Amino acid sequence: MSPADPTTPDPSRSDPAVDLPLVALNDTTLRDGEQAPGVAFRPDEKVSLALALDGCGVAEIEAGTPAMGGDEVAAIRAIAGLGLKARVIAWCRMTEADLKTAAATGVTAVNLSIPMSELQLSAKLGIGRDEALARIRRLVPMARDMGLEVAVGGEDASRADPDHLVRVAEAAQASGAFRLRIADTVGILDPVSTAALVGRITAATDLAIEFHGHDDLGLATANSLAAVRAGARHLSVTVGGLGERAGNAPLEEVAVALPRLGLGRTAVDPKTLMGLAHAVAHAAGRVVPPGKAIVGRDVFTHESGIHVAALLDRPETYQGLDPETLGRKHRIVVGKHSGSKAIAHMLDSLGYQAEPDIIPVLVGLVRHRAVADKAPIASEEFERLIGEALDFLDPDRTHAHVH
Ligand SMILES: CC(=O)SCCNC(=O)CCNC(=O)[C@H](O)C(C)(C)COP(=O)(O)OP(=O)(O)OC[C@H]1O[C@@H](n2cnc3c(N)ncnc32)[C@H](O)[C@@H]1OP(=O)(O)O
Ligand SMILES: O=C(O)CCC(=O)C(=O)O
C-alpha cells in the first residue's frame, strides 16, 4: 500500500504531508451557502467573510451570482477588489447576459453553469445535449476573450449520462475552460457511486475536475473524499455545510479529513476553522450545533466515566483527532455518565482533597442533578453538591471528608 497513491490511503497518518495531492477548496459559502433558506448576507458581511475565508487559506471563493444585480453585484465587485490570495469566481448561468454582468464586477474568473441531465436540460431550458455543447463552445471562448478564467458548472451531473459528461469535458477543455464541476445537485450519490462517476470522467480527460456535493443523505463529505480518491483535485465546500436544503460539504470537515485520512493536502489553516464557523453562523442567523464535527462546542468534551477514566491517563485512548491541531483542548465535564475517577478529578481541579467515602455519594448526586437539569454540572453546582454529600455522610460535620 503506497501512501502517495490516493486510492490506497494510509489511515494512520495524521499530518499533512507534502507528498499528498494538493486539493483546491472552492468555498461557495457566499454563493451556494447563501442559497440556504432565509440566509441573506449584507454586502459588508460578504466582504468580511471573504477576508476571513482568504485568511483561512481556501484556494477559491465563489463570491455570488452577479445576475441578481444590485447589492449582490456591489458585494462581488468589492470582494474582487480586495486583492485576495484566493481566486474570486462568480457564478453565472451559461448565458451572454450573465457573463457580461459578471465581467463588469471585476472578477477574474467565472463559473458558467449549464445542466447536464436530460431532465434539467429539457425541463428548465427546453434544449437537448447538442445545444448544451454548442452553448459551451460559444460562451466559454467568449468569456476567455473577455480575459476571464472559465470553469464549467455541470449542474445535475449525478443524474446525467456519463458519456455526455465526457463530451462536455472535451468541449469545455477545447473551448478554453480550466475545469469542469461535477455537481451532485440533488444529493443522491454515495461514496461508491461518486468514485465510479468521477473516476469515469477523470480517466477520460485531463481537464481538472471539481466535485460539488450536497448533503441530502448526509454524505456530502464522504462523497467529496471519494471524489478525491477518484482523481478530483477541486472540491466545493461551504462553512458549516451551509447551503441549499441540507447544504453542501462542510469546509471544516473536508479540510481536516483530507490530510487526516492521508488523501490530500490543502492550504487551509485548521486553527482558523472555529472562528470562521462562528462568523458565518452569526451572519447567517444560525448557530453552530454543539456536536458539529470539528467546530462544535462539545466535540472534544468528555463526560462518560469509562472514557474520562482512560483519557485522564492517556488522552489518545479516546482521541481520533488531536484537538491541539485545531487550537482546541480536551474538556472534561461531570454529568449523568460520570464515574468515580471523573468525580475525583473534578474535586481535585476545584482544589479539594477528598476522602474516598464522599465519591460514590457525589456520583449519585451528580447523576440525579444532571437528569433534572439535562446539562453537565457547573462548578458552583458541584460545590453545592459537595455540601449535600457532606450533610448526608456526616450531618453533624464531626469529620472532615474534604480538605
Ligand atoms: C443548483 C443551483 O444552485 S443553481 C443556482 C441557483 N441560484 C440562484 O437561483 C440565485 C438566485 N436567483 C435569482 O436571484 C434569480 O433566480 C435570477 C436573478 C438568477 C433570475 O431571476 P429571473 O430572471 O426572474 O428568473 P427566474 O428565477 O424566475 O427563473 C430562472 C431562469 O433561469 C433559467 N436558467 C436556469 N438555469 C440556467 C442555465 N444554466 N442557463 C441558462 N438559463 C438558466 C431558467 O430557465 C429561467 O429562465 P426563464 O426566466 O427564461 O424561464
Ligand atoms: O452548475 C454549477 O455550478 C453547480 C450549481 C450548484 O450549486 C449545484 O448544482 O448544486
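No value in this document is a laboratory result; all are computed from the given coordinates. Bear in mind the structure is a predicted one, so any value in this text is a computation, not a measurement. Note that we place each Cβ from the backbone using ideal geometry, even for glycine, and neighbour counts take in every protein chain shown.
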Can you pull the one-decimal nm distance between simple spin-label points at Ile188 and Glu383, each 7 Å off the Cα toward Cβ? 6.0
Environment charge at Arg137 (Cβ cut-off 14 Å; Lys +1, Arg +1, Asp -1, Glu -1): 0
Calculate the dipole size of segment 304-403 relative to its Cα centre from +1 charges on Lys and Arg beta carbons and -1 charges on Asp and Glu beta carbons; express the result in debye to the nearest 20. 440
Segment 94-107 - phi-based ³J(HN,Hα) in whole Hz, Karplus 6.51/-1.76/1.60, Gly and Pro as x: 7, 9, 5, 5, 4, 4, 5, 5, 5, 4, 6, 7, x, 5
Integer Hz, Karplus 6.51/-1.76/1.60 couplings in order for segment 315-328, x for Gly and Pro: x, 5, 4, 10, 10, x, 9, 6, x, 4, 5, 9, x, 10
What spacing in nm lies between the two simple spin-label points modelled at Val166 and Gln353, each 7 Å away from Cα in the Cβ direction? 7.7
So if we plug the beta-carbon distance of Ile306 and Ala267 into 1/(1 + (r/R0)^6) with R0 = 35 Å, what FRET efficiency do we get, rounded to 0.05? 0.35
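Using a simple charge model, +1 on the beta-carbon of Lys and Arg, -1 on the beta-carbon of Asp and Glu, nothing else, what dipole does the chain show about its Cα centre, in debye to the nearest 20? Show your work: numbers first, answer last.
Details: 40 positive and 53 negative charges, 174 e Å.
That gives the chain a dipole magnitude of about 840 debye.
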Expressed in nm to one decimal, what extension gain is obtained for the pair Glu316 and Ala40 from 0.36 nm per residue of sequence separation less their Cα-Cα distance? 95.2 nm
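Please state the equivalent ellipsoid semi-axes for segment 13-115: what are the square roots of 5 times the Cα gyration tensor eigenvalues, largest first, in whole Å? Write down the numbers at each step before the final one.
On the way: eigenvalues 124, 49, 35 Å².
Each semi-axis is √(5λ); the values are 25, 16, 13 Å.
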Treating cross-link reach as a plain straight distance, find the lysines whose alpha-carbon is under 20 Å from the alpha-carbon of Lys292, omitting any fewer than eight places away in the same chain. Lys271, Lys329, Lys374
Dipole axis of the chain (+1 Lys, Arg; -1 Asp, Glu on Cβ), positive-most option in Ser158, Val299, Pro360: Ser158
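Please give the peptides 335-345, 139-149, 224-234 ranked by average Cβ packing (other Cβ atoms within 10 Å per residue), highest first, as a rough proxy for protection. Write out the running numbers ahead of the final one.
Details: 335-345: 19.5, 139-149: 17.5, 224-234: 25.3.
Sorting 335-345, 139-149, 224-234 by mean packing, highest first, produces 224-234, 335-345, 139-149.
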Would you mind checking the tilt of helix 70-80 against the longest principal axis of the Cα atoms of the chain, expressed as 0 to 90 degrees and rounded to 10? 80
Quote the relative contact order of segment 24-284 in percent (integer), defining contacts as alpha-carbon pairs under 8 Å separated by 6+ residues. 20
If each part is reduced to its alpha-carbon centroid, segment 296-367 and segment 104-153 end up apart, in Å, by 56
Given charges at Cβ of Lys, Arg, Asp, Glu: the chain dipole, positive-most of Ala342, Thr101, Leu217: Thr101
What ranking do 283-291, 123-131, 262-270 get when scored by the average of other Cβ atoms within 10 Å per residue, highest first? 262-270, 283-291, 123-131
Per the charge dipole of the chain (beta-carbon charges, Lys/Arg positive, Asp/Glu negative, Cα centre), the residue among Leu390, Ile89, Met142 reaching farthest to the positive end is Met142
Rounded if a/c under 1.5, otherwise prolate or oblate - segment 212-277, Cα gyration tensor axes: oblate
What does the helix-only formula give at 222 nm for the chain: each DSSP H stretch with n ≥ 4 adding -39500 (n - 2.57), the total divided by the residues, and the result rounded to the nearest 500 deg cm²/dmol? -12500 deg cm²/dmol
Give me the distance in nm between label points sitting 7 Å out from Cα along the Cα-to-Cβ direction at Glu118 and Asp373, one decimal. 6.2
On a C-alpha basis, how far is the centre of segment 158-179 from the centre of segment 32-98 in Å? Whole number, if you could? 25
Ranked highest first by the average count of other Cβ atoms within 10 Å around their residues, in what order do 192-201, 110-119 fall? 110-119, 192-201
Rounded if a/c is under 1.5, else prolate if a/b is larger than b/c, else oblate: which is segment 48-167, with a ≥ b ≥ c the root eigenvalues of its Cα gyration tensor? prolate
Taking a ≥ b ≥ c as the square roots of the eigenvalues of the Cα gyration tensor of segment 301-393, is the shape rounded (a/c under 1.5), prolate (a/b larger than b/c) or oblate? prolate
Report, for the chain, the % of DSSP beta bridges that are antiparallel, rounded to 5. 5
